[in-house]
Every structure is written in C-alpha cells, then in structure tokens.
Amino acid sequence: MRALISLIILLVSFAVSASNRYYSDNRLEPQQGFNWDWSVGLGYYVEDSYLVGLDSYDDGLEPNINLVLSYDKFYLDVDNSQLSGGMVIGYSLIDKYDWGLDILGTNVQSGFDETGLKLYDRDVIDALAGIDRRHYDFDMGIRLSRRLESSQLSFELLHDVTDTHNDWVFTTFLSSIQQYRNWEFRGGLGFNVYGREFSDYYFGIDEHESTETRPYYKPDIAYAVMLELHAEHPLSQNWVFLAGWLSTYFSGEISDSPIISQSYQHKAKVGVRYVF
C-alpha cells in the first residue's frame, strides 16, 4: 500500500494546474456524466530545505501533466501549477448556495529517510544517518467550503488511512482571485494543525535514532502557516505563463526537532503550460 501511494504521489508531483481545491474556480462541484480535461507544461523551481544536512538551495525543472476527471459527484483532480496544489480524490455530498461539503482523500506530508526528501536520491546524508524511514501518508476526511465570488474559505478534517502515523490533520485556507488587465493574481493564507502522533512520526526522534548530536525528541501538537502568491498571464491562445511563491512557517514543535534546520521553507517557480 505504501509503495503504491509513493508511486502515485511521485507521478502526480510532476503536474501543473488542473484546478486547485483551495480556490473558488476549482472544478470539484458535481457534473453530469463523465468529464475530463488535461494540459501539459514545464516549470523551473527554486526551494530551500527544512531538513538538516541538505543543501539550503535546490533548483531544477519540473515537467508537468495536469488532469481532471469527474463522473457525476466523483472527481480526481491533479494540480501542482500552484505550489499549494497536489492530488485529491473526492465525492461531493452537498453543493448548494455557494456551500460545499465533500469527502476527500489526499496526501498531506512527503516522506523522507536518511537520504533526504527525494525518492531517487540514494546517498546517505551524514546528519540524517540512522533515522528510520518516514513514509508518505494518505489522509481521508471531510471538507467544508464557502465560495464568496472570487474568494473561498475552506476547512478540512482529515485522518491517515494508511497506518503511517494514524493521526488527524486540520486545515483551513482563505483564498482570493483578482484580475488586472490580462493578469490573474491569486493569494492564499492557510493554517494547518497536526496531531501528536503525526508530529512524533515525522519530526520526533526515538531512542534508537538518537546520537550525541541528535537527542531523543518527542513533539506535541504542532501547526504551520502557509502564504501563497501566484500569477498567470496568457502568452497566446493556448500558452500561459505562470509564476508562484509559497512560504511555510512551522511552530516550535517542528522547528525544535533535531532533524529540522529552520522554522520555515520557501519555494518559487516560473513556467509555462499548454492549454488544449
């Protein structure tokens, strides 16, 4: 199960925008019959890492395939053109009077081990040597959303269903979309709360993992704040330029972990996508 989830997340991590569930123009509402849409793109990213021992500067190219599938009230949405995006599978229970209530499943936390965050890196990092592998999770739960013209407020209560950390995550996100001439600007502010078992699984240090420079550590409930800015501009009838920035700030329960190097993470990207 964990291997399958890791493979799916790896494949969809090369995706750029289908429709982001955090924003008011998402396509997660019920549609009659079968519908689908897709696009392709390419982006260049720059990010810093929050894990100890990793280079604070990482960059590269991200090829992207975007996909939206829906059948009546069921949907699969892959979106990573916006940095807050990802993969979500869901079922719409209520979509009425600008309110939405959904059952959904998504990945919350990336896995890592003593080789770092990337699945294809196999060189052991000295500062992480000897830690257990932290697996990708997959969480399911409910999502309540309220659309207000170009803005949206959403709340999600999710629980791990893969027995990875077997804990809950609460997420709230407020977003807005603004138009200026041919530009579209998006902004979002998010707040995530992680249960004790989640925090301990990913950021805690067990006795057998501890060393002289990596002491035993057991965190409590933790939280993170996210700030996202995103802009798009059409280059032609089919090509779109995009740029984005995502900053995440961690609470002390995370940043005090011996395997965490800083209390924040920033990521920026620029790219293009072809809309069919």
remark   = Between Glu149 and Phe276, the two model label points (7 Å from Cα along the beta-carbon direction) sit apart by a distance in nm of 3.5
remark   = As straight-line cross-link partners of Lys96, the qualifying lysines (C-alpha separation under 25 Å, not fewer than 8 residues apart within one chain) are Lys73
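Cα convex hull of the chain: how many Å³ per residue?
Details: hull volume 33.7 nm³, N = 276.
Hull volume over Cα atoms, normalised by residue count, gives 122 Å³.
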message = Could you work out what % of the accessible surface of the stretch 168-276 is carbon and sulfur, using a 1.4 angstrom probe and leaving DNA, RNA and ligands out of the count?
response = 58
query = What FRET efficiency do you get for Val225 and Asp98 if R0 is 25 Å and r is their Cβ-Cβ distance, rounded to the nearest 0.05?
reply = 0.45
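When the accessible area of the stretch 111-152 is computed with all protein chains present and a 1.4 Å probe, what percentage of it is carbon and sulfur? Present the calculation step by step, with values, prior to reporting the outcome.
Values: 1140 of 2200 Å².
About 52 percent, which is the carbon plus sulfur part of the accessible surface.
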note = Under the 7 Å Cα-to-Cβ spin-label approximation, Thr213 and Ser56 lie apart by a distance in nanometres of 1.6
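Compute the accessible area per residue over the chain, keeping the other protein chains in place, probe 1.4 Å, unit Å².
50
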note = Out of Asn80, Asn26, Asn182, a Gaussian network model of the chain with alpha-carbon springs under 10 Å gives the largest mean-square fluctuation to Asn182
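Working from the pairwise distances between different alpha carbons, so that the mean of 1/r is found and then inverted, what is the stretch 226-276's Kirkwood radius in Å? Provide the component values of the computation, followed by the final result.
Numbers: mean 1/r = 0.0765 Å⁻¹.
With all distinct Cα pairs of the stretch 226-276 included, I get 13.1 Å.
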task = Using only protein heavy atoms and a 1.4 Å probe, report how much of Trp183 is accessible, in Å² to the nearest 10.
result = 90
ask   = In deg cm²/dmol, rounded to 500, what helix-only [θ] at 222 nm does the chain give when every DSSP H run of at least 4 residues adds -39500 (n - 2.57) and the total is split over its residues?
value = -2000 deg cm²/dmol
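The values are calculated or read from the model by the stated rules, or taken from the named source; none is laboratory data. What you see is a predicted model; the values in this text were computed from it and never measured. A quick note on method: Cβ atoms are made from the backbone with ideal geometry, for glycine too, and the neighbour counts reach across all protein chains shown. To get the accessible areas, we keep the full protein, side chains included, count just its heavy atoms, and leave off ligands, DNA and RNA. Shrake-Rupley method; radii C 1.70, N 1.55, O 1.52, S 1.80 Å.
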